[in-house]
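The values are calculated or read from the model by the stated rules, or taken from the named source; none is laboratory data. Fair warning: this is a prediction, and the values are worked out from it, not measured in the lab. As a convention, Cβ positions derive from the backbone with ideal geometry for all residues, glycine included, and neighbour counts pool all protein chains shown. The protein model used for the area step is the full one, side chains on, heavy atoms only, and it has no ligands, DNA or RNA in it. Shrake-Rupley method; radii C 1.70, N 1.55, O 1.52, S 1.80 Å.
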Amino acid sequence: MAKTFTLDIYTPYNHYYSDDVEYLQVCSEKYMLGILPNHSPLVSTVVISELVIQKDGKRESYATSGGLIKVNDNKVELLLQSIESVDEIDLDRAKAAKERALKRLATPKLETIKITASKLALARAENRINIKNKK
């Protein structure tokens, strides 16, 4: 039996995931983090990226919109803005979101705050599309 650690994933809407897992891969602003059992304590941000969970030798991919990770005492907690498994990703919806974001970004004299929001929407949509297309 493989060594494991406890993983809990929370969003503003629910307690999304809770189980013992063998491996977690997530991206911070500067690094791709690979978390194994007995990882040293860590607190970091998580960026819009693919999150990978390995349990019972099988890897599953998720799209995340960023948040925080805390690792301590063989327990990992992720506080995420959103998370979707590959099966939950609606490819048509993601493509439509990408097109809306690109259209907004092409608007002349767009306010700075709207530019930032549009860039984030574009990054989330592209992340979902990339993860879904890898399946």
Report whether or not D19 is acidic (D, E), in a strand (DSSP E or B) and open to solvent by less than 30 Å² (accessible area, probe 1.4 Å).
no
Of the residues that make up the range 77-96, is at least one over 26 Å from Y16 (Cα atoms) and free of Cβ contacts under 8 Å to residues at least 12 places away in the same chain?
no
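Within the range 102-110, is there a residue that is hydroxyl-bearing (S, T, Y) and either without any contact (Cβ under 8 Å) to a residue 12 or more places away in the chain or farther than 25 Å from K134 by Cβ (or both)?
Taking the range 102-110 and keeping what is hydroxyl-bearing (S, T, Y), we get 107.
Within this subset, residues satisfying the condition of being either without any contact (Cβ under 8 Å) to a residue 12 or more places away in the chain or farther than 25 Å from K134 by Cβ (or both) are 107.
Yes, there is a match, as at least one residue in the range 102-110 is hydroxyl-bearing (S, T, Y) and either without any contact (Cβ under 8 Å) to a residue 12 or more places away in the chain or farther than 25 Å from K134 by Cβ (or both).
Given the residues A63, A106, which is the only one that is of a type in the set (A, V, I, L, M) and either under 15 Å from D8 (Cα atoms) or more than 10 Å from the chain's Cα centre (by Cα) (or both)?
Numbers: A63 fails: either under 15 Å from D8 (Cα atoms) or more than 10 Å from the chain's Cα centre (by Cα) (or both).
A106 is the lone residue from the list that is of a type in the set (A, V, I, L, M) and either under 15 Å from D8 (Cα atoms) or more than 10 Å from the chain's Cα centre (by Cα) (or both).
Here is a check on your reading of the model: is I131 of a type outside the set (K, R), touching a residue at least 12 places away in the same chain (Cβ under 8 Å) and over 16 Å from L7 (Cα atoms)? Before you say what the answer is, go through the steps one by one.
Details: of a type outside the set (K, R): yes; touching a residue at least 12 places away in the same chain (Cβ under 8 Å): yes; over 16 Å from L7 (Cα atoms): yes.
So I131 fits the description; yes.
Just to check your reading of the model, which residue among G57, G66 is among the small types (G, A, S), loosely packed, with under 13 Cβ neighbours inside 10 Å and within 21 Å of S85 (Cα to Cα)?
Answer to the selection: G57.
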Would you confirm whether or not the range 101-120 contains a residue that is in a helix (DSSP H, G or I) and closer than 22 Å to S61 by Cα?
yes
Top-ranked residue in the range 82-94 [being surrounded by 15 or more Cβ atoms within 10 Å (Cβ to Cβ) and not β-branched (V, I, T); ranked as farthest from N14 (Cα to Cα)]
A94
Residue under evaluation L110, criteria (1) farther than 20 Å from S28 by Cα; (2) exposed (fewer than 13 other Cβ atoms within 10 Å of the Cβ); (3) not aromatic (F, W, Y), criterion not met
(2)
Restricting to the range 23-35, what's the tally of residues that are surrounded by fewer than 18 Cβ atoms within 10 Å (Cβ to Cβ) and touching a Lys or Arg at 6+ places or on another chain (Cβ under 9 Å)?
1
